[in-house]
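S.K.: Structure incoming, see below.
The values are calculated or read from the model by the stated rules, or taken from the named source; none is laboratory data. Computed from a predicted model, the values in this text were never measured in an experiment. Here the Cβ positions follow ideal geometry from the backbone for every residue, glycine too, while neighbour counts run over all protein chains shown.
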Amino acid sequence: MKINRNIIHYIWPVASVLMTAILLLILIGVDLGSAFSGFFRGMFGNIYQISEVLVKTTPLLLAGLGCSIGFQCGFINLGAEGQLYMGALASSVVAIFLGHLPHLLLIPLMMVCGFLAGGLWALIPGVMKAKFGLSEVIMSLMFNYIAIQFIALAIRTWLKDPEYPFPMSQPFTESAQLPRLVPRTRLHIGFIIAIVLAALVYIFLWKTARGFQIRACGCNPRASFCVGVNVNLNIILSSLLSGGLAGFAGFVEVSGVQHKLMDGISSNYGYLAVMVSLLGSNHPLGVAIAALLLGALDIGGLSMQRSAGVPTSLTTVILGMIVIVFLLRHHFGKKEKEISHE
Amino acid sequence: MNDTALLVTNLLFASVRMAAPLTFAGIGESVSQTSGVLNIGVEGMMLGGAFTCFLVTTYTNSFLLGILAGMLVGLLFGTLHALICVTAKQDQTISGLAINFFVLGLTSFFFLVLFGQASTLPDIKTLPVVPLPLLSKIPILGPAFFSHDLLTYVLYIVIILTTIFLKKTDYGIQLIAVGENPMAADTSGIPVKRLRYFASMFNGLMCGLAGSYMMIVQFGFYIENITAGRGYIALAAVTLGRRNPVAIFFVSLLIGLTEGVQFTLQSLGVPIPSQVFSMMPYLVAVIVLLFSIGRSNDPSALGVPYDRQERS
Amino acid sequence: MQIDMRNIRKTFFGAPVLKGVDFCVHSGEIHALLGENGAGKSTLMNILYGLYKPDDGTITIDGEEVSIEDPRDALSQGIGMVHQHFQLVNTLTVSENITLGLRETGYPFSKRKLIDQRIKELSETFGLDVDPAKLIKGLSVGERQRIEIMKLLYRSAKIFILDEPTAVLSPPEVESFFNVLRELRNAGNGVVIITHKIGEVMQISDRVTVLRDGEGVLQSRLEDTNEHELSKAMIGRTLTQREHEIRSIDVTSPRLVLQDVTIHDGKLSLLQNLSISIAPGEIMGIAGVDGNGQQELAEAIIGIRKLSSGTITFNGNKVDGRSIIDRMNNGMGYIPADRHNDAILLPMNLNQNLLLKKHLDPNYLNHHFLKRKKAESTTKNLIKEFFIKTPSENTAIRYLSGGNQQKFVLARELDSDLQLLIAFQPTRGLDLGATDFIQSQLLDLANRGVSILLISTDLQEIISLSDRIAVLYKGENMGILENDDQLDIALVGAMMGGKRLENQ
């Protein structure tokens, strides 16, 4: 009986997500076989497809790491999307106005500016929470919309490339582009940087005193305060790092993939990052795995659109479903724990 | 009527239009938050309500069926949120965000499947204006507040009824108790979970109504992600309005005023990029949030799942 | 009315809390449910009140088997309970709290006037003074307790279950509270009073049931038993009172001096012109009923709260305005009353909880990196030294019993060069073994020259440990007494109720 229960516990979440996908596919009348084969070929079909998955994984991993630092400190940063845009904007401004600088100088400068811009954008709700007790949740969400409109404004006015009719910035010079890892793919060195940063975040949060403080503040801010930890400072610091990593994701997107600033450089990466962080239990390793999964899902969805004409929003549906099922998994199919109070 | 008066009237009229969906959603969220359930899924529930209302109205040509369908979808997601947060005791913020994502996916998916091939933007009729006798004759305010459609009047009624409900009835007291000290409510014999379900479902209904309003009063057409963060703005209004329906309406009016200003300036031909205006409601919402500093009186148990066995 | 609970079993986390307990109470008696902390008294009564479901066993009322699913069922059967932590809604009025969840005339538009009228009547009948129109926020614990009892009276409860009701009362208040209980009994109600104080049982009850480790070990009419038998039943041996040992302390050069310390919160005055000093090796006991400024006092000294006026000097240096860390580095230690919120990280393990204090200590750091091995070995040592019962140092602290959590908090404070320890309710909620251990540790510490500020609402604890006793009432010091042979305990009790010591 016990084994049965366990199997059900693991099967029902997967099954319900799969059933939803199949149901929607049947509803729009596509051939299930070609849809699924398109989906899987999209993810692992060839070197190029695999590289595309990693290209998608990179910003998700970076922004996901950012969210996880915030969550570890109890700073619920839902503003990664806006921070990513601000990071992209700052790096683009550097790339466009200082495009003549040598590669080895320009790229680090773009990195720093991207990181800082994202970090400062998150710092505002961070300071508001720490100093005035204002909820960071709504604040950071508002900042997403403001940032997106601000970038939209920039590329239509002062950053607009006059040679094109479309709202976008000038293309970056060679020197402002991240080098490719594999020829004839879009996979760039940002992927390696993201992996390295994941390791650094792990070391920071789990091995250093400051990282410990951040996690202690997230775990019990009152107790941390009572032993003399400056909780507000940690919230502010974690908001800066959290936004900084999201801003870094923005840098990686414009410098590694797009090579210019335009609308929609982030396809909801900032929101996906929240879910990446949640699914990865706010741990860098978990975040990396979750980012890879979501990246693969995204590429699979795109490929399914090409091969069977399925709208890519199916991926969004599946993702939302995964998170909902993830939230419900403890309750259904597993016996509730009882906690004594004495 | 001179030009200034006309301008003010038009501004206010546009503000009411913009404020109405925010207020509907804000009232739902107020009831939900009073009971201790934070739901940032208002965005998704509004979007789901809007799309369903649009769909049903398009195919049946019935406003009433459209509104009911929109509310039903809101109700479904409100119930789902309660299932996740009240029964499974999971994080309310994450649950709301997941619902927003799920709904965004679903609506985009079906919109593309059903209307993707259409060459023109599909649209529906909007509700006719029915000026209220006497009230609409009040100078300036009359045409601004009482020359609307029936759904706007429904909003006024909802504002009055929920105010009475929250402030004057025993249900309101019970709801406050559940949000402030669920253990006290439980030991007094109040069914805590049932009330939280009720509040969450009511929130869903109101958000569905808010979405429907956007369709059949405000816009008359649908595009992907048409709510574009209005649900989140409603949350800001709830925070400053301190869960008081009337106050939420006025805060929403203030936010709505930016849209009114946009129309006015555009009609006057002032060359300001549209992005500046698109940004305005969010900026105003941020300012609104700043004004709530130090005034917050959130229920003590807001965001905290209730578990009878788990006591300190 | 007669309630019988038969063979009640309940398990939490696989650990049996109740192992087949029988209990019965009927109208017209005051029944004491006696037992140590953790014996299962509250759990048993929470089952009767419908908050917990028993794993096994039956409940019958007047011979008829009933199933009590939730408090609503219990209330409709006439069973009411007042919890140790009062269950009132701060943002509602007294009247709204009393009728919370009821369907009164006019529901859902209840007639407040009628309700308030009835509250007034009940209030006069039972001598319970309450003002229906006031908000709960701002009321004293005593008033809150009256409202809790009024709440049950209003619901026409026939059986009143009161969980440790005297813990929040000063000795004179206890006396008038017991009169209310007698009034209730004489009006034909049954009263169950949960307690761990044998003196109270002897004073008020008609019958007594003793629980030990989740088992009923004794049930008797009061006249058929005595204190000796009760204490033996409760702890398995005769209770030996810790004898107070009179020590001579040199108080000429105090280590900690508080001068006119005042803390305001808005208009509310939480501490008022408080002046005390503690010498090296001295235990200064702060007596008083809960909520009379103890929390503010402890937090002001360690630096969690800012002073509105006054000064605090430690070893001759002014410390107010300095940070918490600074004060701790200079030899202050703090054991908060609310350990779950103020002292530990429940989901984290013992090593990490040690690091919560030590992560800034240079001994545990290697260029910003934590020395995990060192933390582990320290934790292991502390576990051994303080007899902390835990599977390992890598166990999350939430799985430890309250007593072992508290031992850990104490051990963590003691593992440094301590000069002053603020011990705030250090034994609250602990069983006798843990209490005894912690009290011995405090005495040891004082004998080694550490100054101790012992803040406790347990007067017995204050008297058996302190060298001098100050009494807090509404944030003011009622006076300081030498704890010697001449100590007048009745006077301390009166001071806890607001009597000011002359000539101070």
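S.K.: Would you point out the residue of the stretch B:72-97, among those that are part of a helix (DSSP H, G or I) and without any contact (Cβ under 8 Å) to a residue 24 or more places away in the chain, that is surrounded by the most Cβ atoms within 10 Å (Cβ to Cβ)?
M.R.: So, considering only residues that are part of a helix (DSSP H, G or I) and without any contact (Cβ under 8 Å) to a residue 24 or more places away in the chain, the one surrounded by the most Cβ atoms within 10 Å (Cβ to Cβ) is B:I84.
S.K.: Would you mind stating whether A:G74 is under 22 Å from the mean Cα position of the chain (by Cα) and on the phi > 0 side of the Ramachandran plot?
M.R.: Taking the combined requirement at face value, the residue satisfies it.
S.K.: What helices (runs of 4 or more DSSP H) completely inside the stretch C:387-465 contain at least 2 residues that are more than 23 Å from C:I249 (Cα to Cα) and outside the structural domain of C:F13 (by TED's automatic domain parsing)?
M.R.: Here the list reads C:402-414, C:432-447.
S.K.: Right, next: What residue, among those in the stretch B:297-306 that are within 9 Å of another protein chain (Cβ to nearest Cβ) and in contact with a helix residue (DSSP H, G or I) (Cβ under 7 Å, 6 or more places away or on another chain), is farthest from A:A152 (Cα to Cα)?
M.R.: Across the stretch B:297-306, the extreme among qualifying residues is B:S300.
S.K.: Something else now. Hey, among the residues in the stretch C:320-339 that are within 12 Å of C:A300 (Cβ to Cβ) and within 9 Å of chain A (Cβ to nearest Cβ), which one's surrounded by the most Cβ atoms within 10 Å (Cβ to Cβ)?
M.R.: So the residue we want is C:Y334.
S.K.: Quick check on the stretch C:368-395: of everything there that is within 11 Å of another protein chain (Cβ to nearest Cβ), surrounded by fewer than 18 Cβ atoms within 10 Å (Cβ to Cβ) and not charged (D, E, K, R), which residue is nearest to A:G228 (Cα to Cα)?
M.R.: Looking at residues that are within 11 Å of another protein chain (Cβ to nearest Cβ), surrounded by fewer than 18 Cβ atoms within 10 Å (Cβ to Cβ) and not charged (D, E, K, R), I get C:H368.
S.K.: To continue, here is another question. Would you confirm whether or not the stretch C:148-163 contains a residue that is over 21 Å from C:R182 (Cβ atoms) and not basic (K, R)?
M.R.: For the stretch C:148-163, residues over 21 Å from C:R182 (Cβ atoms) and not basic (K, R): absent.
S.K.: Go through (1) closer than 30 Å to C:A279 by Cα; (2) under 28 Å from the mean Cα position of the chain (by Cα); (3) in a helix (DSSP H, G or I) one by one and return the number of the condition C:N363 breaks.
M.R.: (2)
S.K.: Related question: Looking only at the stretch A:258-287, how many residues end up being without any contact (Cβ under 8 Å) to a residue 40 or more places away in the chain and more than 30 Å from A:Q170 (Cα to Cα)?
M.R.: 2
S.K.: Please specify each residue of the stretch A:302-318 satisfying the condition of being surrounded by fewer than 24 Cβ atoms within 10 Å (Cβ to Cβ) and either assigned to a helix (DSSP H, G or I) or more than 7 Å from every other protein chain (Cβ to nearest Cβ) (or both).
M.R.: A:L302, A:S303, A:Q305, A:R306, A:S307, A:A308, A:G309, A:T312, A:S313, A:I318
S.K.: Suppose the filter is farther than 24 Å from B:I248 by Cβ, buried (at least 18 other Cβ atoms within 10 Å of the Cβ) and away from chain C (no Cβ under 14 Å); does B:I190 pass it?
M.R.: Judged against the criteria, B:I190 is not a match.
Yes/no matrix, rows are residues, columns are (1) in a helix (DSSP H, G or I); (2) crowded, with 19+ Cβ neighbours inside 10 Å:
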residue: C:Q145; (1), (2): yes, yes
residue: C:K151; (1), (2): yes, yes
residue: C:P172; (1), (2): yes, no
residue: C:V192; (1), (2): no, yes
residue: C:E229; (1), (2): yes, no
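S.K.: Hey, A:R222 hits all of (1) of a type outside the set (V, I, T); (2) under 20 Å from the mean Cα position of the chain (by Cα); (3) within 13 Å of chain C (Cβ to nearest Cβ); (4) surrounded by fewer than 17 Cβ atoms within 10 Å (Cβ to Cβ) but one; which does it fall short on?
M.R.: A:R222 satisfies every listed condition except (2).
S.K.: Would you pick out the residues in the stretch C:1-33 that are in a loop (DSSP other than H, G, I, E, B) and within 12 Å of another protein chain (Cβ to nearest Cβ)?
M.R.: Listed by number, the residues that qualify are C:F13, C:G14.
S.K.: Which residues, taken from the stretch B:141-159, are touching a residue at least 60 places away in the same chain (Cβ under 8 Å) and loosely packed, with under 15 Cβ neighbours inside 10 Å?
M.R.: Residue satisfying the conditions is B:L141 alone.
S.K.: Just one of the numbered conditions (1) in contact (Cβ under 8 Å) with a residue 60 or more places away in the chain; (2) touching a Gly at 6+ places or on another chain (Cβ under 6 Å) is not true of A:S255; which one?
M.R.: For A:S255, the exception is condition (2).
S.K.: Please work out which one of (1) within 22 Å of B:L55 (Cβ to Cβ); (2) in contact with a Gly (Cβ under 9 Å, 6 or more places away or on another chain); (3) more than 14 Å from every other protein chain (Cβ to nearest Cβ) is the condition B:D149 fails and give its number.
M.R.: The one condition B:D149 does not meet is (2).
S.K.: Can I ask one more? For the list (1) farther than 28 Å from C:L268 by Cα; (2) in contact with a helix residue (DSSP H, G or I) (Cβ under 9 Å, 6 or more places away or on another chain), I need the number of the one condition that C:P132 fails.
M.R.: Of (1) farther than 28 Å from C:L268 by Cα; (2) in contact with a helix residue (DSSP H, G or I) (Cβ under 9 Å, 6 or more places away or on another chain), only one is false for C:P132: (1).
S.K.: Right, here's the next one. With respect to the numbered conditions (1) basic (K, R); (2) more than 12 Å from chain A (Cβ to nearest Cβ); (3) within 24 Å of C:L445 (Cα to Cα), which one is the sole condition not fulfilled by C:K358?
M.R.: With respect to (1) basic (K, R); (2) more than 12 Å from chain A (Cβ to nearest Cβ); (3) within 24 Å of C:L445 (Cα to Cα), C:K358 is out only on (2).
S.K.: Output yes when any residue across the stretch B:108-116 is part of a helix (DSSP H, G or I), within 21 Å of the chain's Cα centre (by Cα) and either at pLDDT 95 or above or under 26 Å from B:G220 (Cβ atoms) (or both), and no when none is.
M.R.: yes
S.K.: (1) within 14 Å of chain A (Cβ to nearest Cβ); (2) over 20 Å from B:P21 (Cβ atoms): which one isn't true of B:G96, the others all being true?
M.R.: With (1) within 14 Å of chain A (Cβ to nearest Cβ); (2) over 20 Å from B:P21 (Cβ atoms) applied to B:G96, the lone miss is (2).
Residues checked against (1) surrounded by fewer than 19 Cβ atoms within 10 Å (Cβ to Cβ); (2) at pLDDT below 95:
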residue: A:F115; (1), (2): no, no
residue: A:G119; (1), (2): no, no
residue: A:K131; (1), (2): yes, yes
residue: A:S135; (1), (2): no, yes
residue: A:F143; (1), (2): no, no
residue: A:I155; (1), (2): no, yes
residue: A:P162; (1), (2): yes, yes
residue: A:P165; (1), (2): yes, yes
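S.K.: Going through B:Y197, B:Y156, B:Y222, B:Y213 one at a time, which residue ends up being more than 13 Å from the chain's Cα centre (by Cα), of a type in the set (S, T, Y) and closer than 23 Å to B:L80 by Cα?
M.R.: Only one candidate qualifies: B:Y197.
S.K.: Can I ask one more? Contact list please: Cβ distance under 7 Å, first residue in the stretch B:228-242 and more than 10 Å from every other protein chain (Cβ to nearest Cβ), second residue outside any helix (DSSP H, G or I) and among the hydroxyl-bearing types (S, T, Y), pairs at least six apart or on different chains.
M.R.: Taking only residues 6 or more apart or on different chains, the pairs are B:L240/B:S292.
S.K.: Going through the stretch C:34-80 one residue at a time, which ones are within 14 Å of chain B (Cβ to nearest Cβ) and in a helix (DSSP H, G or I)?
M.R.: C:S42, C:T43, C:M45, C:N46, C:I47, C:L48, C:P71, C:R72, C:D73, C:A74, C:L75, C:S76
S.K.: Still on this structure, please answer the following. Out of B:A14, B:A5, B:A69, B:A25, I need the residue that is at pLDDT 95 or above and surrounded by fewer than 24 Cβ atoms within 10 Å (Cβ to Cβ). Which one?
M.R.: Selected residue: B:A69, the only one of B:A14, B:A5, B:A69, B:A25 that is at pLDDT 95 or above and surrounded by fewer than 24 Cβ atoms within 10 Å (Cβ to Cβ).
S.K.: Go through the stretch C:87-101 and report how many residues are surrounded by fewer than 18 Cβ atoms within 10 Å (Cβ to Cβ) and either among the hydrophobic types (A, V, I, L, M, F, W, C) or not assigned by TED's automatic domain parsing to the domain that holds C:P165 (or both).
M.R.: Result for the stretch C:87-101: 0.
S.K.: Could you please find all residues in the stretch B:258-291 being of a type in the set (G, A, S), facing another protein chain (nearest Cβ under 10 Å) and within 19 Å of the chain's Cα centre (by Cα)?
M.R.: Residues satisfying the conditions are B:S278, B:A285.
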